[in-house]
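Below you'll find the structure, written out as structure tokens, and then a few comments.
The values are calculated or read from the model by the stated rules, or taken from the named source; none is laboratory data. From a predicted model like this one, the values you see are computed outputs, not experimental measurements. All Cβ positions, glycine included, derive from the backbone under ideal geometry; neighbour counts span all protein chains shown.
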Amino acid sequence: MAIDPLSEKTITLAEATRDPLLEVGGKRPHASTVFRWARYGLNGIRLEYVRVGRRIVTSREALARFLRALADEDRRTTTSVLTKPIPRRRSPKHRHDAVANAKRNLKRAGVPISTAGNRSKEPGPAD
């Protein structure tokens with residue numbers, strides 16, 4: 001839904017930064033942030049705007065719709081995230097063992113292994 005400049009009071013993006021709807025912890029977003037929300041969106045949701053000459057304007061109603069859409073998206077994605085099991089992090093030993101196993105498999109397959117950038121303490125073929 002696009003803003004209707006005839007029925008909604010338009011405000012510049014700089015004025016939008018001063019809107020209490022966007023204040024979080026007493027801080028206001030920078031005008032470039034609001035511009036990014038309008039031009040590129042946030043999480044696939046764009047702030048509605050229109051161009052009036054060189055100016056980009058939005059409305060307080062559009063800000064409310066934008067924030068509502070973000071909240072709806074959060075609820076949708078949070079629900080799907082909560083239904084998935086949380087992957088366990090590998091311990092450093094498990095990672096080391098996995099790397100060693102991968103190197104053995106590569107060696108068996110005849111793939112040369114580069115030691116550039118190798119941070120392990122194991123001596124490489126050149127050592």
Residues (hydrophobic (A, V, I, L, M, F, W, C), farther than 23 Å from residue 76 by Cα and outside any helix (DSSP H, G or I)) located in segment 14-64: 50, 52, 56, 57
Scan of segment 17-34 for residues that are touching a residue at least 12 places away in the same chain (Cβ under 8 Å), within 13 Å of residue 59 (Cα to Cα) and not polar (S, T, N, Q), ordered by number: 19, 21, 22, 34
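Test of understanding: among 48, 23, which residue is closer than 17 Å to residue 70 by Cα, surrounded by 14 or more Cβ atoms within 10 Å (Cβ to Cβ) and among the acidic types (Asp, Glu)? It would help to see each step written out before you state the result.
Values: 23 fails: surrounded by 14 or more Cβ atoms within 10 Å (Cβ to Cβ).
So the residue among 48, 23 that is closer than 17 Å to residue 70 by Cα, surrounded by 14 or more Cβ atoms within 10 Å (Cβ to Cβ) and among the acidic types (Asp, Glu) is 48.
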Set 80, 114: member being modelled with pLDDT under 90, closer than 30 Å to residue 42 by Cα, out of contact with any strand residue (DSSP E or B) (no Cβ under 7 Å at 6 or more places or on another chain) and surrounded by fewer than 10 Cβ atoms within 10 Å (Cβ to Cβ): 80
